[in-house]
Each structure stands twice: as C-alpha cells, then as structure tokens.
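Chemist: A single structure is presented below for examination.
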Amino acid sequence: MNVVVCVKQIPDPATPGELNADTHTLKREGKLILDESDSFGVEMALQLVDKAGGGEVTLVSMAPNDEVSGLRTALAMGAAKAILVSDPALAGSDSLTTAKVIARSVERAGGIDLVLTATESTDGYTGTIPGQVAGLLGWPSLTFAKEVEIADGTVKIQRQTEAGYDVVEASLPAVVSVTAGVVEPRYPSFKGIMAAKNKPVDKVTAADLGLDASQAGWAGARQQIVSVEKAPERQAGEKIEDDGTAHEQIIAFLEKLKVI
Amino acid sequence: MGLKIWVFAEADGDKPASSTLELLTKAREVGETVEAVYVGSNADALAGTLGEYGASKVYAVDPGGVLPGVVGATALVDLLAANSPDIVLFAQSYDGRDAISLLSAKLDKPVLTNGFTLRLDGDKVIVGTQIFGGNTLVDAEFEGEAPFLAAIRPKSFAAEPSGGAAAAVETVAAPDLGRAGEAKVLETHVEEREGPKLEEAVVVVSGGRGLGSADNYGPLVDDLAKLLHGASGASRAIVDAGWVPYAKQVGQTGKTVKPKLYVAIGISGATQHMVGMKGSDNIIAINKDGEAPIFGIADLGVVGDATKVVPKLIEALRARS
C-alpha cells in the first residue's frame with residue numbers, strides 16, 4: 001500500500017509569530033520545522049504500510065527556499081521519499097492553490113492508495129486542505145479520524161463528532177484527515193536520522209506540476225488582507241502564591257461570581 | 001438591492017445547532033434575504049426555529065447515509081447556480097468544514113475560514129480573523145465574483161431570534177455524488193456526556209501538561225467541572241499527547257469558548273490556547289510557573305502545584321454541597 005502524507009514545514013510555534021509588513025503574510029524566512037500536527041499522519045502512515053506488509057510512505061510538502069529540515073525529520077521517522085514543491089511563484093498562495101499543488105503532487109507520485117493529512121496546520125490553520133485535495137482528485141474524503149483501518153481495498157475510520165464518533169467507510173483511493181494525539185509519533189532513531197540524509201527528495205516547481213504561475217501565489221490570490229491591527233489587551237487581575245490555602249481564595253472568587 | 005445570504009445549517013438532534021442560529025442572526029444583520037441549506041431528514045422539525053432566527057426558506061437534502069458535508073457541498077453547486085446568493089456561511093465545525101472545503105474545490109473558489117467577524121464595506125465583504133493567540137486582528141476581503149464562501153468560528157456572534165415565521169421547507173433531490181459519495185456513515189456512537197456541551201457551558205474547566213499525568217485529568221479536571229456544573233476542556237499539549245480526544249481541545253486548532261468562568265489548570269497559556277478562551281468573562285489560572293503567560297490574562301492567578309491546589313478545592317466544594 002502506498003501512502004502520501006501531506007506535511008507542512010512551519011516556523012517554530014514556540015517563537016512569537018510575525019507578519020511581513022508589506023504582504024501581511026506569516027514570516028517564514030527562518031528555520032522551519034515539521035508541524036507537530038503532521039507527525040501523527042506520518043506515524044499512522046508508517047503503521048498502515050507496515051500492517052499491509054508492503055508499500056511505502058511518500059511525503060508531499062510545499063515550502064519556500066527549498067526548505068527540507070522538517071521533511072528530514074519525517075524521513076528519519078521512516079518515510080521513503082518526498083516531493084518538495086518550492087517555487088517563488090507559489091508564495092502567497094491561498095488554501096485552494098495549495099490544495100491544487102498537493103493534488104498534482106499526489107498524481108506525480110503515482111499509484112497512491114491513501115492520502116493522509118492533519119486536520120489543520122498549526123500556523124495557518126485554514127483547515128480546508130483535506131476536503132479540497134479530495135475534491136480536486138475526485139476521491140472520497142474521510143475527515144477527523146481518530147482511528148484508521150485498512151482492509152480489502154477500503155478504509156474505515158472513527159470520525160470525531162460533537163456527540164462522540166461515527167464509523168465511516170470508503171473505498172480506496174481516499175483522503176483521510178487524522179486528529180492529533182491518536183497515535184504516538186516515534187522518535188527518529190540515530191540510524192533513521194543518518195538514512196534520512198540520503199533519501200530522495202524530488203524538488204519540483206509549479207510549472208513541473210502543470211500549474212499556471214499566473215493563477216498561483218500572489219498573482220492568483222482572490223482574497224486580500226485589508227487591515228491588520230492589535231487586539232485590545234486583557235488586563236490581569238490578582239496573582240497569589242499558594243501557601244496551602246489558595247483553594248480558599250478560589251472559593252471566595254467563585255462565590256463572588258455566584259457560580260457556587 | 002440587499003444581499004441574499006445563505007447559511008449551511010446543522011442540527012443538534014431535532015434542533016438547529018447553536019452555531020447555525022448565530023450565523024442566521026448575523027446573516028439578518030448583513031443581508032436582506034436569509035435562507036438555509038440543511039442536510040438531514042428532519043428539516044420539518046428544524047423549520048420553526050430556523051424561521052424564528054431569520055431564515056425564510058430551508059433547502060433540505062436527504063443525506064442518504066453519506067457524510068452531510070459531502071452531500072451539502074455537492075447539492076450546493078446546483079443550488080448556487082440556480083439561486084445566486086451573495087454569501088454562503090458555514091460554521092467552523094466538523095461538517096461545516098467538510099462542506100466548505102469540498103465546495104471550494106468544486107467551484108474553484110477560494111474561502112475565508114476561522115472568521116470571527118463579518119461585515120460589509122460598500123460592496124466588499126470583509127471577514128475578520130484572529131491570529132497570534134488573538135493579539136492581532138486581520139481583516140480580509142473577497143475578490144472576484146459572488147458567491148463568497150466563509151467559515152465562521154462558533155461563538156463569534158450572539159444568537160437572537162427575530163420572531164419570524166417558520167421557514168418554508170423545499171426538498172432538494174439528492175445530487176450525484178460521484179466517488180465522494182462513497183464516504184458512508186456505518187454507525188453513530190453517542191458518548192455519554194454529563195453536564196453541558198463544552199461550547200455552551202457557563203463554566204469550563206480545562207487541563208494541561210501541568211496535571212503531570214493523564215490519570216489526573218479525571219479526578220482533577222472532570223470532577224471540578226462536574227462540581228461547578230460545567231464542561232471539561234483541554235490544552236493542545238495533552239490532546240497531542242493522547243490524554244483526551246480532540247473534541248475537548250480549546251484553542252486555535254480547537255474550540256472557542258466564552259463561558260462566564262474559565263478555569264485553566266496546569267496550562268501555561270501558549271498563544272494557540274489563549275485565542276480559544278480569552279473571551280471568557282472571568283479566568284482563574286493555576287500553574288506552577290509564576291512566569292507563565294496565562295497569568296497575564298487571569299483575573300485570579302494561583303502560582304502553585306495544580307495537583308495540590310485542586311484536590312483541596314474539590315474537597316472544600318464537596319463539603320459545601
């Protein structure tokens with residue numbers, strides 16, 4: 001079974017984010033890392049291929065400046081190879097254009113049974129890529145999976161719902177988005193890290209994927225940021241050190257609010 | 001001429017979801033004509049409330065055992081062409097997200113998601129989002145031709161009835177779904193929930209890494225939530241760690257809550273979390289690290305070990321009841 005995992009390489013979420021003053025987009029010049037949200041999809045894909053007894057995991061990532069550091073992390077976990085789409089013409093792409101890039105990359109990989117994604121990225125968090133990619137490929141999309149099973153050419157998931165979960169099934173090939181925390185991503189071994197350095201990364205441009213540059217990136221953007229401003233700040237109240245009686249002050253606060 | 005706004009309606013049993021009522025209320029403010037599109041077999045049961053909140057009509061499609069977002073998006077392709085609404089609003093919910101993303105691909109139209117404001121500026125439609133933990137507000141406008149597709153985070157708008165008559169139900173034939181229609185729902189599992197829903201609760205108690213271990217979530221977070229007649233939530237860190245399911249996550253990639261009281265237990269206050277809860281009326285934070293950013297927005301901050309403070313709090317609350 002051959003699986004594509006969509007992975008995003010993002011600025012470290014632990015560092016404060018910044019916008020480019022001219023374009024109002026997230027600054028992504030520094031070192032990028034593998035979005036932790038995607039590590040669950042990578043792990044899930046490795047487990048599914050392992051269970052299927054054959055096949056491989058291909059990563060697909062769109063990133064500026066030929067960035068590979070996040071890809072190397074996922075390759076070190078065990079993915080076989082990667083397609084990296086890096087092209088200045090794609091800077092400023094909206095989520096639909098990004099989905100087009102991913103869908104074309106899945107076609108370029110060829111022979112793919114399953115595409116796994118996170119439910120949304122940590123930085124942009126538009127949350128529409130899984131459904132858009134499935135729509136563009138004409139494949140069924142099963143979203144918000146907390147469990148994924150593959151058997152006899154079908155994929156069955158437990159789909160998170162407001163009230164609990166649904167069991168949803170479709171035949172392959174299909175797109176599945178995986179919720180965080182559902183598998184424990186493995187730590188890359190030393191051997192894995194060394195091996196990742198030599199794994200193939202297929203670097204492609206928008207044109208290689210047959211995408212018209214005039215309809216991608218800034219040139220193709222069909223929405224525009226009109227203003228950016230600071231939100232009013234919330235003021236902090238009282239801060240106390242627990243000396244063993246802090247619960248009493250919490251009780252007093254709850255009484256004041258009349259919640260007890 | 002006033003705008004025609006459509007709302008992708010969702011249900012909570014035999015009632016419209018609260019997020020749907022919020023969208024209808026905003027649609028009334030922005031537009032002249034408000035209509036709903038609903039995927040489900042119980043549109044008649046919903047029509048009264050949908051009308052009361054402003055929808056004059058509801059287009060109803062039977063899901064036929066397929067994921068509602070898939071059916072909704074596919075049905076909308078023809079419905080939009082025939083009726084030309086100016087804006088279609090979706091909730092940033094599981095099914096709302098399915099619907100808007102598939103529709104975006106089918107129509108080759110961009111979307112704006114995670115909206116928390118919606119307004120008109122002349123003939124421009126502007127959607128506001130919050131970034132960097134809610135400390136920065138970004139307004140974006142659609143370009144190109146209507147209809148514009150936007151997903152709005154639940155709890156962004158108040159839901160207020162207008163006293164309208166029941167919406168007229170117009171049944172729409174199930175569309176040809178192609179391979180997308182293979183996404184069949186085989187079983188539905190409802191997990192027992194004691195107390196209110198996370199997004200509706202008056203009190204929300206959330207836990208984070210500072211709980212120390214997954215085993216502490218039940219006795220500290222769930223139990224305190226129960227005692228306060230509230231709902232329990234979580235930071236992304238413990239969802240990622242597999243301690244609790246995604247449905248409990250409060251924050252940018254989770255839910256937005258605006259309770260009367262939010263209690264953050266062992267949560268440091270990453271920007272990712274703050275954006276989902278900083279609209280709460282009152283915030284209590286309990287955290288070991290006195291420098292944690294959560295204290296910057298807490299009305300009552302307790303610097304201490306949550307595993308020591310919370311059991312005493314629970315004991316004291318139990319002694320009162």
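Just so you know, all these numbers are worked out from the coordinates, no wet-lab data involved. For clarity, every value in this text was computed on a predicted model and none was experimentally measured. We place every Cβ from the backbone using ideal geometry, glycine too, and count neighbours over all the protein chains shown.
Chemist: What number, rounded to the nearest 500 deg cm²/dmol, is the helix-based mean residue ellipticity at 222 nm of chain B, given -39500 (n - 2.57) per DSSP H run of at least four residues and division by all its residues?
Modeler: Using -39500 (n - 2.57) per qualifying helix, the result is -7500 deg cm²/dmol.
Chemist: Are there any trypsin sites (Lys or Arg not before Pro) in the stretch B:256-321 that are in a DSSP loop and have at most 11 other Cβ atoms within 10 Å? List them by number.
Modeler: Here no loop site has a sparse enough neighbourhood.
Chemist: Could you tell me how many cubic angstrom of Cα convex hull volume the protein assembly as shown has per residue?
Modeler: 150 Å³
Chemist: I would also like to ask the following. Looking at chain A, do any whole DSSP H helices span at least 15 angstrom along their long axis by alpha carbon and average -1.0 or above on Kyte-Doolittle, and which?
Modeler: Flagged H segments are A:36-52, A:95-109, A:246-257.
Chemist: Further question on the same structure: Restricting attention to the alpha-carbon atoms of the stretch B:93-189, what are Rg (one decimal) and Dmax (integer), both in Å?
Modeler: 16.9, 47
Chemist: Then there is this: Could you rank the peptides A:66-76, B:210-220 by their average count of other C-beta atoms within 10 Å per residue, with the highest value first?
Modeler: Highest-to-lowest ranking by the protection proxy: A:66-76, B:210-220.
Chemist: Under the definition of Cα pairs under 8 Å and six or more residues apart, what whole-number percent is the relative contact order of the stretch A:3-220?
Modeler: Value for the stretch A:3-220: 26 percent.
Chemist: Please list the three semi-axes, largest first and in whole Å, of the ellipsoid equivalent to the stretch A:194-260, using sqrt of 5 times the eigenvalues of its alpha carbon gyration tensor.
Modeler: Working from the Cα gyration tensor, I get semi-axes of 56, 26, 11 Å.
Chemist: Tell me which residues come under 5 Å, amide H to amide H, from residue B:66 once H is placed; ignore anything under 5 positions away on its chain.
Modeler: Amide H to amide H, under 5 Å and 5 or more residues apart or across chains, residue B:66 pairs with B:185.
Chemist: Taking beta carbons within 10 Å but only from partner chains, what does the mean come to for residues B:152-163?
Modeler: Other-chain Cβ atoms within 10 Å of each residue's Cβ, averaged: 0.
Chemist: Could I ask something else about it? Percent relative contact order of chain B, based on C-alpha pairs within less than 8 angstrom and at least six residues apart?
Modeler: With pairs under 8 Å counted, the relative contact order is 15 percent.
Chemist: Roughly how big is the stretch A:3-220's charge dipole about its Cα centre, with Cβ charges of +1 (Lys, Arg) and -1 (Asp, Glu), in debye to the nearest 20?
Modeler: The dipole of the stretch A:3-220 has a size of about 520 debye.
Chemist: So what's chain A giving for Rg/Rh, alpha carbon basis, Kirkwood Rh from the mean inverse pair distance?
Modeler: 1.06
Chemist: Counting other beta carbons within 10 Å of each residue's own, what order do B:148, A:190, B:295, B:90 fall into, fewest first?
Modeler: Listing B:148, A:190, B:295, B:90 from fewest to most nearby Cβ atoms yields A:190, B:295, B:148, B:90.
Chemist: Once you average over the residues of B:245-256, how many Cβ atoms of partner chains fall within 10 Å of each Cβ?
Modeler: Whole-number average of other-chain Cβ neighbours for B:245-256 is 4.
Chemist: Count the DSSP beta bridges whose two residues both fall in chain B, then state the antiparallel fraction as a percent rounded to the nearest 5.
Modeler: Beta bridges within chain B, antiparallel portion: roughly 25 percent.
Chemist: Using mean Cβ contacts within 10 Å as the protection proxy, how do B:128-135, B:81-88 order, highest first?
Modeler: Order by mean packing, descending: B:128-135, B:81-88.
Chemist: Just tell me how shielded B:183-196 is by partners: mean number of partner chain Cβ atoms within 10 Å of each residue's Cβ, no decimals.
Modeler: Other-chain Cβ atoms within 10 Å of each residue's Cβ, averaged: 5.
Chemist: Can you tell me which aspartates and glutamates have their Cα less than 15 Å from the Cα of residue B:57? Leave out same-chain residues fewer than eight positions away.
Modeler: Partners within reach: B:10, B:32, B:35, B:44, B:170.
Chemist: Of the listed peptides A:46-58, A:123-135, A:29-41, B:242-254, what is their order by residue-averaged count of other C-beta atoms within 10 Å, with the highest listed first?
Modeler: Put in order of decreasing packing, that is A:123-135, B:242-254, A:29-41, A:46-58.
Chemist: Contact order normalised by length for the stretch A:120-257, with contacts defined as Cα pairs under 8 Å and 6 or more residues apart; what percent is it?
Modeler: Relative contact order, the stretch A:120-257: 14 percent.
Chemist: Magnitude of the Cβ-charge dipole of the protein assembly as shown, K/R +1 and D/E -1, about the Cα centre, nearest 20 debye?
Modeler: That gives a dipole near 760 debye.
Chemist: How large, in Å, is the stretch B:190-243 by the Kirkwood hydrodynamic radius built from its alpha-carbon pairs?
Modeler: It is 11.3 Å.
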